[in-house]
Amino acid sequence: MLTGITTAFDVSVPFPEMIPMIAAAGFEAVSLSSVRSHLNYESQDAQKQAMALTSRHGLVIESIHAAWRTEIGALDEATRRREIDDIRAAIRAARAMGVELVIVHAGWGSQDDGIHERMTSVALDSMAELSECALANDVRLAIENLQGSRSRMLTKSILAAFSHRQVGFCHDTGHEHCTLDCFKALEECGERLIATHVHDDTGHGRDDHLLPHEGMIDWGRYASLMGRLDYSGCLLIEAVRNKTDGFLSPREFLREAKKRADGLVRAIHMV
């Protein structure tokens, strides 16, 4: 199992400086974040830069994260078209760079049953369009759970409607734990797992994006569940540096992130 990290871990570090740091820490893969000010993956120059840098330093671009705000089930048509256009841009960039996966947020859904049903229908229409685009570009879509049971329901509906060849599951540990819901999404959708976003938080609505073991997630249970799945993809750290995490530099943060990723991989393999 490869270990990787998101380029969003510290967007104050310029992309050309970040990539050799990630490689020096021992990671094998990166996921390109949706922060366009850090790397505008729609730009051909940026695509060439990303491909050259990662190749030079022996890193695989595991995935591209489409715009984080994505709500593909938006009932407002102008909003939905904007979301689809953003995801299409990520798909085109992935094709240009030879990247297999594009990460797409499933959306939050609604606590109102009637509205949730409508949003699910719209999300499935959006996914039909997007999966066609992804297939034409030889890219797979990894649908990521957001916070709460309604997002999990929406994720399950999408996975049920589309084949494994088109669409798989990206499990986000922190999003589940925000609502103290661990690990229902992994248990219910794990057979479709093609990507991971691994980070910790303190729960109760706080999406802290901490390194594993800095929050309250039960990592022993996570390793046990992961070890039962037929998953050979990347364990990707999606933690983000903050002013209070105690790490003096990006390099120190990356070294510790790699240690914790390796620890999780060992625990998973021991199951």
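Rule-based calculations on the coordinates, nothing more; no lab input. What you see is a predicted model, and the numbers here were worked out from it, not measured in a lab. In this analysis, Cβ positions are derived from the backbone assuming ideal geometry, glycine residues included, and neighbour counts consider all displayed protein chains.
Things to note:
- The spacing between the range 96-151 and the range 195-271, judged by their C-alpha centroids, is 24 Å.
- Here the simple spin-label model places points 7 Å from the Cα toward Cβ, and for Glu187 and Val271 these points are separated by 1.3 nm.
- Spin-label model, Glu132 to Ala160: label points 7 Å out along the Cα-to-beta-carbon direction sit 2.4 nm apart.
- Among the listed options (1) 1.29; (2) 0.94; (3) 1.02, the one matching Rg/Rh (Cα atoms, Kirkwood Rh) as calculated from these coordinates is (2).
- Separation in nanometres of the label points that stand 7 Å from Cα toward Cβ, at Thr202 and Ser249: 2.9 nm
- For the chain, the relative contact order is 18 percent, taking Cα pairs closer than 8 Å that sit 6 or more residues apart in sequence and dividing their mean separation by the residue count.
- Förster-model FRET efficiency, 41 Å R0, Asp125 and Ser224, C-beta, rounded to 0.05: 0.65
- Relative contact order [Cα under 8 Å, 6+ residues apart], the range 113-271, whole percent: 17 percent
- Beta-bridge orientation, the chain: approximately 5 percent antiparallel, per DSSP, counting only bridges with both partners inside.
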